[in-house]
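Worksheet for the structure shown next.
Each reported figure results from applying straightforward, stated rules to the coordinates on display, with no laboratory input. From a predicted model like this one, the values you see are computed outputs, not experimental measurements. So basically every Cβ, Gly included, is an ideal-geometry build from the backbone, and we count neighbours across all protein chains shown.
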Amino acid sequence: MTEPEPKPEPDTKPEPDTKLEPALRRGHAIVVGGSVAGLVTARVLAERFERVTVLERDRYPDSPQPRRGVPQSHHIHFVLAGGRERLEQLFPRLAADMRAAGAVKFDYARDTFIRSQHGRLQQFDSELEIYGCSRPLIDWLLVGYIRDDPRIELRDGAAVEQLIVEDDRVRGVQLADAGGEDGGGERLEGELVVDATGRRAMSTKWLEQLGYEPPALRAVSSNLGYACRQYAREPDETRGWAMASTIPQAPHWSRSAAVVPIEGGRWLAMLASVGEDRPTDDDEAFVPFAASLGHPELHQLLSSATPLTPVTISRTSRTQLRGWQRARLPSGLVAVGDAVAAFNPIYGQGITLATLGALTLGEEIDRQRARRGDLSRLSRAYHRRLHRLVRIPFLTVGGLDASWPEASGVEALGVYGKLMRSRIGRYFVASGNAKMHRISGDPKAMQAVLRIAHFTGSPWALLRPQMMFRLARQLYFRRPPSLEAQSGRAEPGESTVTSTPG
Ligand SMILES: Cc1cc2nc3c(=O)[nH]c(=O)nc-3n(C[C@H](O)[C@H](O)[C@H](O)COP(=O)(O)OP(=O)(O)OC[C@H]3O[C@@H](n4cnc5c(N)ncnc54)[C@H](O)[C@@H]3O)c2cc1C
């Protein structure tokens, strides 16, 4: 199946959103790694630095295709509503270009058919807008915007191999000798270096080689594995949902799945489980695995759809957090995205938190310049702020990971990890889906919970008296909604899914 190319819209292209006059943008910022975190950060820095250079080790593909440095791009990538909103602030054409490329816009609760072991969750209008699309499409659009931005130089095929540090200050980076290709062995000088190299955080290795102690790493894993496969998506006006999924729950409901519509008239299907039960790359085993999930409609869809690709697996699922805020770093070095915090991917938080982190960096640069006139204290101040932002998602997801019997690295969570594996913790986790099922009977209460999960609402909203009343009523006084009588097939017109049939 050929991929439709996003249609350029030259007439509607806005000028880059330049907050500061060029005269107030000072210095040269170097971003190492040109995946989502690096590209988003480059956009934020372009408003604050005279020059921004992004150095990406891979060559970018010339169409939306997976590439070596981002192996997870074969897999489902779901951008939470809060992440999408922030991305659109930075890249105002994103929504229009995704639609033009065939991405499918849908409401997270109204158009998603979710089943847990307690039955089907109620569908309602959540105002949480999601785009079903492939990860390569997101990357491809972002690369295009950065290439079009005259303030940013985007160099691909440029692998960084060391930091240049003098007098406890980062002065730039040393590129690998690419055998005469672009950037071979070159030294590039800059006032700020950003590590956006993903989970491995390459600068931690370079810091160690230079005699610095790298930031401590805390990591816990449920030992989750993904298997993904693309299928042809036939237009069906009567289906009544855009996406279908199931919800896992420790300790017994380890298997889960999701089917998301993506551009090019395709479904992207994902299966997951933990430990020995992880799905394999055996094409023949894909649909039988889906039969075991308690979601007959999802299984039916996969049984009847035509597969377009072989199965691809991923076992990258550790939830990890680096203590950059505590490390003694040379000034002028910061980290963003997965290099700071990376999560079990099943919760779909990586891109959203990478974007929030990049925005935090921009705010802290402004604050430091306004207060001190320079960025000598930026690194510590920014990493402290970022830590406050990512530690709750880290503890929440890490705690859920720790509650699986198959988990490893639980000691990284200290007493909290022990608590999550105790009888109290197990009770708390094991009742999670039942509680969600009950809350879903009140769309207003469920919306407040979902808004927190999507980073569009504050947890404090749950403490408002009216909301506490609603939650208590659902959890303790009302019978859980019984939707089992409904079939997966909704009446025509129930959903207002907007899709571009491929
Ligand atoms: C299976 C899976 C599914 C996921 N699903 C979701 C999801 O549904 N929703 C979501 O929000 N997130 C998801 N994530 C997380 C998401 O992929 C990441 O959070 C996101 O890619 C941001 O990562 P990053 O830019 O920090 O690093 P990466 O995407 O890992 O990119 C690092 C970049 O650095 C480059 N690089 C590395 N070393 C060098 C060097 N020395 N010099 C120059 N360049 C270098 C690499 O080539 C690469 O381009 C998923 C992750 C996995 C593994």
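Applying 1/(1 + (r/R0)^6) with R0 = 51 Å to the Cβ-Cβ distance of Arg464 and Arg315, what FRET efficiency is obtained, to the nearest 0.05?
Values: r = 41 Å, r/R0 = 0.81.
After rounding to 0.05, the efficiency reads 0.80.
Could you go through the range 240-253 in sequence order and give the Karplus-derived ³J(HN,Hα) for each residue, using 6.51 cos²θ - 1.76 cosθ + 1.60 with θ = phi - 60°, rounded to whole Hz, and x for Gly and Pro?
Per-residue couplings from phi come out as x, 8, 9, 9, 10, 7, 10, 10, x, 7, 5, x, 9, 8 Hz.
Just add up the charged neighbours of Asp58: K/R +1, D/E -1, any other residue whose Cβ is under 9 Å from the Cβ of Asp58. Provide the component values of the computation, followed by the final result.
Numbers: positive: Arg57, Arg59, Arg67, Arg68; negative: Glu56, Asp156.
The answer is +2.
Please report Rg (one decimal) and Dmax (integer) in Å for the Cα set of the range 240-359.
18.0, 57
First select every other residue whose beta carbon is under 15 angstrom from the beta carbon of Gly225; then total the charges, Lys and Arg +1, Asp and Glu -1.
Neighbour charge sum, excluding Gly225 itself: -1.
Mind giving me the FRET efficiency for Lys435 and Glu213? R0 is 45 Å, r the Cβ-Cβ distance, nearest 0.05 is fine.
Numbers: r = 43 Å, r/R0 = 0.95.
E(calc), rounded to 0.05, equals 0.60.
If you put +1 on each Lys and Arg Cβ and -1 on each Asp and Glu Cβ, how big is the dipole of the chain around its Cα centre, in Debye rounded to 20? Intermediate results must be reported in sequence, preceding the final value.
Working: 66 positive and 61 negative charges, 513 e Å.
Computed charge dipole of the chain: roughly 2460 debye.
When averaged across all projection directions, what area in nm² does the alpha-carbon convex hull of the range 409-477 cover? Write out the running numbers ahead of the final one.
Values: hull surface 22.9 nm².
Mean projected area of the Cα convex hull: 5.7 nm².
Given 10 Å bins starting at zero, what is the percent of C-alpha pairs of the chain in each, up to the one with the largest pair distance?
Values per bin, smallest distances first: 4, 18, 29, 27, 16, 6, 1, 0.
Roughly what would the spin-label model give for Tyr416 and Arg388, points 7 Å off Cα along C-beta, in nm?
Result for the modelled spin labels: 1.6 nm.
Report the full-extension gain for the segment Glu234 to Ile424: residue separation times 0.36 nm, less the Cα-Cα distance, to one decimal in nm. All intermediate terms of the calculation are to be shown ahead of the outcome.
Values: separation 190, 0.36 × 190 = 68.40 nm, distance 4.64 nm.
Extending this stretch completely gives an extra 63.8 nm.
For the range 279-422, what is the Kirkwood hydrodynamic radius in Å, using each pair of distinct C-alpha atoms?
On the way: mean 1/r = 0.0548 Å⁻¹.
The Cα-based Kirkwood calculation yields 18.2 Å.
With r defined as the distance between the Cβ atoms of Thr306 and Asp282 and R0 fixed at 22 Å, what FRET efficiency is calculated, to the nearest 0.05? Display every interim value, and only then the final one.
Numbers: r = 18 Å, r/R0 = 0.83.
Computed FRET efficiency for Thr306 and Asp282 comes out at 0.75.
At 7 Å along the Cα-to-beta-carbon direction for both Arg68 and Phe124, put a label point, then send me their distance in nm to one decimal.
Label at Arg68, label at Phe124, 5.0 nm between them.
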